Each structure stands twice: as structure tokens, then as C-alpha cells.
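Below is one structure; the comments refer to it alone.
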Amino acid sequence: MLTTRQLEQIDRLIRREVVPATGCTEPAAVALTVAYAAAILPQKPQTIEVLLSTNMLKNAMGVGIPGTGMFGIPIAIALGVVLATPEKQLELLDSFTEEELGKAKQLVAEDKISVQLKEGEHVDKLYVEVLITDEQGHIARSVLEKTHTGLITLTLDGTSHLEQYEIGPSPCGCDEKMEGNGEKEEDIALTFDLVYEYALTAPLESLHFIYEAALQNKRASEFSLSHSYGHALGKMLQSDLGLQFFGDTPLTQMLSSTSLACDARMDGAPVTVMSNSGSGNQGISSMLPVLTFAQRRGQDEETTTRAIMLSSLLVVYIKQQLGRLSCLCGMVVSGIGTACALVYLLGGTKEQSIGAVKNMIGNVSGMICDGAKPSCSLKASTGVSSALISALLAMEGHVVTANEGIVDEDIDCCIRNLADLGRDGMAETDLKVLKIMTSKGKHS
């Protein structure tokens, strides 16, 4: 049975990790870092230099920026300068006027923006550094590290201004818990047992926000259906052609609702979704398939809510091990959460949920991340379909064994093996992916 402190710690953790985000979180984080520096600069910016880690550059360079009709990092940077509203956090890009967009486009056209790769052995995978010089030579510097809102440095001409952003609520709307000595309390280290017990036994009123978060992502999916974004995978699945070959099944609905939301946000639609562990696509693909499946089966709200929490919190647990950014596609992680939750919705046991997780790890653990982009909806569909297959196999008693691949007998060891592979084992692949992405069209 969970203690009161464990309940509080997990509640605080999940509420901090599941937060609103407008547009892809990597360019949003870049724009946010720029906005911090721009907000303290006395005069009009003259030069804007942005240094990005490999993973940030990879994830931000090919994705649509909401409301602009443009793709990539420069317009996100320019909007960060023009808007200069860091208090909006990852919803910074949710609204701006035509005049503001025009100013941002002008900044890009004036070639005042420089984007470079921040290299070095100790550079975090999630790292953004901004240097803005104004007309009088003042220099504002901001650094974001480890999380998409993790501001660690903010200076003007070498004088720190960080303290003005250290007071007030966290992005989830809840204050950070402080220890008796005044230091921030460390996050609880999750295990599968903790995740499962919290999702199934925590007071329902503590979990209601995750149901509302899933409904927010459903609204993004419904918005996408009335438009045409990205590769329109979600719309195709509901078309005559899609229905002819896939039929009107729970799987088709899960694939369509998830892909629709991914189609929209990756193509720069003006939609806000609830992210998970810094990724909007992870938030979408860990909640929407579960919500859709539960609604199709006529599940009550409590069962649905607990299933969504099970999927979402399992994603948070895996990301604790894996890190915010890696070469492992986030759809693998969210697919694992979904598979576990589907077993619960099917009336399965804890052991069968564990079996579904093992089946997922034995299946799609090699899917790479080659940046945020419209085709992410295809990878989302891969994760969702694999999740249902894994869940159904587990319900039938078929589970990938410890004799196969990276799967271990112990479920926490399985997750640790997956994280080790994605975090460390695929590090060289990450560099190769970026090299390929940045050298396309340059071959003789």
C-alpha cells in the first residue's frame, strides 16, 4: 500500500510531466530560451546566436511552427525575440498577431539569426544556449538544460536575472515541495510496482486531471479531422479507402485518433496538446489510444481514467531511465504505456500487463528518432498497432521470454535494458542520424 508521502510525490511528479504544449516541444523550448533573453534586453536585438545540442537540433529542424506556415528553427527563434513572453512557458507560440509574425519573418530575412551545434563531451542532450546583442552592445544570455523549461542561466552583461523566474508555481500549477532544510525534494524513483499501484489505487480525485488531459488531446484530433495536415494519415484511415482495408474497428479508431493529432501538431497547426515528459507526441500517443479504446468498449470514467494514468505514468517512469531526448523514438515509450493500459481495460491481471510491456520491448525497441516532423504520425501508428498486438498476446498467455533479445525476467530490468540501449547504446546512431539530416543535398 502506498504511503501518503508516496502518493504526494507521484502526484506532484505526474502533474509536472503532463503539461500543455503548443507546437513541437523542441522548437517551443528554443523559442522559450530566446524569450527569456529577449525579455531582459534593454534595446532592439542586433544579433541572435543560438547553440543547440545534437538532439535539440535534430528534433527542431524539420517540424512545423504553429500559425506560421513555416518549418524549422529560425522562425521559432524570431518569434521568441518578438514575443518575449517567457511566462507562457511551452505555450509561448499559441498566439501572436499578423504584425508580430511579420516582424519575426523580417528578423529571419535580415539574417540576424545564427544557429550552431553545441559540441562537447559534457553537453546535455537537451541543451539550448542563447546570446542576444542589442544596438548598444548589451548582451543577454540564457541557458536551458535537462528539461524543456529548465532555465539554469539568465544574465544581462554578466549580471544574473535568474531570481526573477524562480518565484511562483511550477508549470504544472503546483509549487515545488521543499525539504525541511529549504532544498528541493528529489523526484521519487519510480518502479513498475509503484506505477501500477498508484494508477489502480490512488484517490480518483487525484487522477481526474489526466482524464481532462486526454480530452484536450482528443480535441486536437477532432480539429485535425476537419483540416488536412501533414501526411493526413489519420484522415486516410477514416476515408473509404482506409475503411475498405482496415474496417471500422477499435484499432482503426485508435490509429486514426492518434495519427490525426500528430498530423496536426507536426505540421504546425495552432493546437495545444498535453505533453508527457517534454513530448507532445508522447502525450498524445500515451493517452488517445487508451481513451479511444475505452470509449469504444463503453468503459466507465473511473476505469478509463485509471487506464490513462497507468499509460501516462509508465511513460514517465521509462523517461526517468531513458532521459528527455535520445535516439529511441518516443512512440516506443508511449506504445509500452498503451499496451500495459490496454491489458487493464481488457480485464487482465498485473502479470498480463507486465507481459504486454515485455512484448513491446521485444518488438519495437529498435525504432529510431530521426527528428520531429510530419511523418511522426506514421511512427505513432506503428506504436499503437504494436501495443494492441502486445496486449492481446499477453492476454492469451504469450510473452517474450528472458531468453529472447534484451528482455529480462524482471520487468524493471527490462525497462532498464531498454533505457540503456536508447540512452547509451544508440548514441553513435544519434550522431549519424543528424549528419545525414544536415548533409542531404550536399553530396556530389
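Only one of the listed residues (Met367, Met395) is without any contact (Cβ under 8 Å) to a residue 40 or more places away in the chain and touching a Gly at 6+ places or on another chain (Cβ under 9 Å). That residue is Met367. Does at least one position in the stretch 309-326 carry a residue that is part of a helix (DSSP H, G or I), of a type in the set (S, T, N, Q), without any contact (Cβ under 8 Å) to a residue 40 or more places away in the chain and on the phi < 0 side of the Ramachandran plot? For the stretch 309-326, residues part of a helix (DSSP H, G or I), of a type in the set (S, T, N, Q), without any contact (Cβ under 8 Å) to a residue 40 or more places away in the chain and on the phi < 0 side of the Ramachandran plot: present. Among the residues examined, Leu101 qualifies as of a type in the set (A, V, I, L, M) and open to solvent by less than 30 Å² (accessible area, probe 1.4 Å).
When Val433 is tested against (1) of a type in the set (A, V, I, L, M); (2) in contact (Cβ under 8 Å) with a residue 24 or more places away in the chain; (3) open to solvent by 40 Å² or more (accessible area, probe 1.4 Å), just one condition goes unmet, and that condition is (3).
For the condition of a type in the set (D, E, K, R), at pLDDT 85 or above and assigned to a loop (DSSP other than H, G, I, E, B), Asp175 does not qualify. Residues in the stretch 274-292 that are assigned to a helix (DSSP H, G or I) and open to solvent by 10 Å² or more (accessible area, probe 1.4 Å): Asn281, Thr292. Restricting attention to the stretch 19-76 and to residues that are touching a Gly at 6+ places or on another chain (Cβ under 6 Å) and of a type in the set (S, T, N, Q), the residue that is surrounded by the fewest Cβ atoms within 10 Å (Cβ to Cβ) turns out to be Asn59. Among the criteria (1) touching a residue at least 12 places away in the same chain (Cβ under 8 Å); (2) part of a loop (DSSP other than H, G, I, E, B), the one Asp408 does not fulfil is (1).
The values are calculated or read from the model by the stated rules, or taken from the named source; none is laboratory data. Just so we're clear, the structure is a prediction, and the values are computed from it rather than from any experiment. Glycine also receives a Cβ, built like all others from the backbone with ideal geometry; neighbour counts cover every protein chain displayed. The accessibility values were calculated without ligands, DNA or RNA, using every heavy atom of the protein model including side chains. Shrake-Rupley method; radii C 1.70, N 1.55, O 1.52, S 1.80 Å.
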